[in-house]
Amino acid sequence: MSGTSEGPTPTADLIRPAVTDSNLQPSPRTGAPPLTPPYSSAFSAAPLAMAVVDREGLVTGSNPAFADLLGTAPAELPGCVAADLVDLTSDARAWHAYREVLRGRQAQLRCTRRLKHPDGHSLWVQVTVAPLPAEEPGGALLSVVDISAHRELQAKLRHLQMHDGVTRLPNRTLFFERLSAALEAESYEENGTTGRIGLCYLDLDGFKAINDTLGHRVGDSLLAAVAERLTRCAEEAGYARSIPPLVARLGGDEFALLVEDSTGTEQLADLAESVLESLRAPFDLSGRRLSVSASIGVVERQAAGTSPTALMQAADTTLYWAKADGKDRWTLFDPERNAHRMTRQALASTLRPAIDRGEFALEYQPLVSMEDGRLRGVEALIRWKHPQFGVLAPNRFIGLAEEDGSIVPLGRWILATACRQARAWQVTHPDEPPIFVSVNVAVRQVWDSDLVADVARILKETELAPHLLQLELTESAVMGSAGRPLQALQALSDMGVRIAIDDFGTGYSNLAYLSRLPVSVLKLDGSFVRGFQYESDNSTAVPPNPADEVVVEAMIQLAHRLGLTVTAECVETLSQASRLRRIGCDTGQGWLYSRPVPPDRISELLSVRV
């Protein structure tokens, strides 16, 4: 009888040996004394398979149940090597423990073995070996219990525990068990695989609508049908490969295809594409014809150094990208894109504390009169001096501040700091005409705070005249304003504060509507000014489009008729400045005059033509 080991599980429970009778008679084959009445009758009739083993490991006697279990004749057992009968020699640990029991130096051995019956079937048994007392002639009592039914029940329960009831696919628990095993170094180092792992992580586009409108029964039927198609895709992808992709349902409408021996991103891309193509075909379910698509995040990398958590985080991020990019597609994990996302998350989590820590500073860019080249005002531009990422421009964090509401306290800080600085310039340069300061205001500041009260308080605290403050709002925020925003803008204008529309020309561009708004300044978007790139001393430059100048001139003339002044952004060349001056632009802003600079540099420019 041969056997295979599930793995030794010897124990050392302090249990007294089951046989205590010392009435033994010599065996006809070994000379060892067999059991005699009254214990021989109990030994023979016991339903538990038992055998007495001498100190050399040979069977000296056994009961019929032992012979029946092993499928052999009782007469053939005396003198047999007991360890071979129940497969105790297949691993070093069990074999060592068994010999220690025979020598009386270990209280007990208990282990589980899978044995091969002579008729061909296999059975699982629990083997227990306990020493007989020293005064007894025998060495140990060997008992064997058939636990095949128990093991089969365990296997069924495990299958139920590890598989999804709707799709019959491996569930999240089994998926992570396989994933963890695949990432263990020995799994790919000893088996000679590629050492790479791939994952297609997908969910269904539009499944929730089907589930909500048609009910969970139809939804479950759809999930089961999707599972069948995914399984076919995996079987086709795994043809002639030692380890086919594992298909699992992770929950809801989320599925995963795990490629444990990946050959590279091309293999994963082919698998993802086949999945998309398979799911695009309509599903016929109980007379209903349903259509869904899928979004798939694809990750492929070296198994070494990768953890299940890191792989799933990357897959989840990539799945989000696939959905954000339009759905019904697969997207490959991009480390650079992920780094940007991680940076964004890091900035968002530290934005509010950074205000309290004083990590922000303002720089100022001159607003210059086109007529005489004198400094008329400055635009306050915020910078974040981040301890990890260095100096960050507004486009890196203002959007985040608007999303989480921190733009309100940050906006108050900008407004107060800019007004305080404008007043400081006025005090330190009493002989120069005072310059105004222009501050950008987000729409959320109007809705989520009392902007009018904030401005009034800050002007009072800093002693800055209202006409020396200009507030800039984007065109899309101002056009169509009604209710609270319009009331706030009107109150600020009545206070004497100037209202400017930033990036004008990129949004509604409804000039007629301007007459009904308390706006005093238009700032032309830089895209118009860039059309004036032609330089007379550069023969290779592309000539300007005459239509650009016509459009800009028309906007300037109409703005002037409405009583508004016009500032041109992104002025970079003398030619641009000259042409803007010729068509009546009031002020210019751009690198031709100055980049954004610290406050002390503005002090130097107050008494000179820029």
Problem set entry | Yes/no for S295 being surrounded by 14 or more Cβ atoms within 10 Å (Cβ to Cβ) and of a type outside the set (K, R) | yes
Seminar exercise, completed: Taking region 292-346 and keeping only residues that are without any contact (Cβ under 8 Å) to a residue 12 or more places away in the chain and either within 11 Å of L202 (Cβ to Cβ) or small (G, A, S) (or both), one is left with G305, A310, A324, G326, A339
Seminar exercise, completed: If we take region 359-476, then strands (runs of 3 or more DSSP E) inside it with 2 or more residues that are under 34 Å from the mean Cα position of the chain (by Cα) are 360-369, 375-386, 390-392
Problem set entry | Residue count for region 324-341, restricted to those that are assigned to a helix (DSSP H, G or I) and surrounded by 13 or more Cβ atoms within 10 Å (Cβ to Cβ) | 3
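For residues that are assigned to a helix (DSSP H, G or I) and out of contact with any strand residue (DSSP E or B) (no Cβ under 8 Å at 6 or more places or on another chain), tally how many sit in region 267-323. If you could, list the steps in order and put the result at the bottom.
Just the residues of region 267-323 that are assigned to a helix (DSSP H, G or I), to begin with: 267-280, 308-323.
If we keep only those that are out of contact with any strand residue (DSSP E or B) (no Cβ under 8 Å at 6 or more places or on another chain) as well, we get 270, 274, 277-278, 308-310, 313.
So the answer is 8.
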For this session: Report, by residue number, each residue of region 239-294 that is farther than 21 Å from F175 by Cβ, in contact with a Phe, Trp or Tyr (Cβ under 8 Å, 6 or more places away or on another chain) and among the acidic types (D, E).
Result: E273
For this session: Pull up region 260-278, narrow it to residues that are in contact with an Asp or Glu (Cβ under 6 Å, 6 or more places away or on another chain) and within 14 Å of L246 (Cβ to Cβ), then point me to the one that is surrounded by the fewest Cβ atoms within 10 Å (Cβ to Cβ).
Result: S262
Seminar exercise, completed: S143: passes all of (1) of a type outside the set (K, R); (2) out of contact with any Ser or Thr (no Cβ under 6 Å at 6 or more places or on another chain); (3) in contact (Cβ under 8 Å) with a residue 12 or more places away in the chain but (2)
For this session: Could you check, for region 482-493, whether at least one of its residues is at pLDDT 90 or above, within 20 Å of F528 (Cβ to Cβ) and buried (at least 21 other Cβ atoms within 10 Å of the Cβ)?
Result: no
Problem set entry | Criterion (at pLDDT 90 or above, in the same structural domain as V86 (by TED's automatic domain parsing) and crowded, with 22+ Cβ neighbours inside 10 Å) met by exactly one of L142, L132 | L142
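Specify the residue that is farthest from C585 (Cα to Cα); the eligible residues are those in region 494-540 that are among the β-branched types (V, I, T) and at pLDDT below 70.
Selected residue: T540.
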Exercise. Across region 422-448, which residue is surrounded by the fewest Cβ atoms within 10 Å (Cβ to Cβ) among those that are farther than 14 Å from P409 by Cα and of a type in the set (G, A, S)?
Worked result: A424
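The values are calculated or read from the model by the stated rules, or taken from the named source; none is laboratory data. Keep in mind that this is a model prediction, so the values were computed, not measured. All Cβ positions, glycine included, derive from the backbone under ideal geometry; neighbour counts span all protein chains shown.
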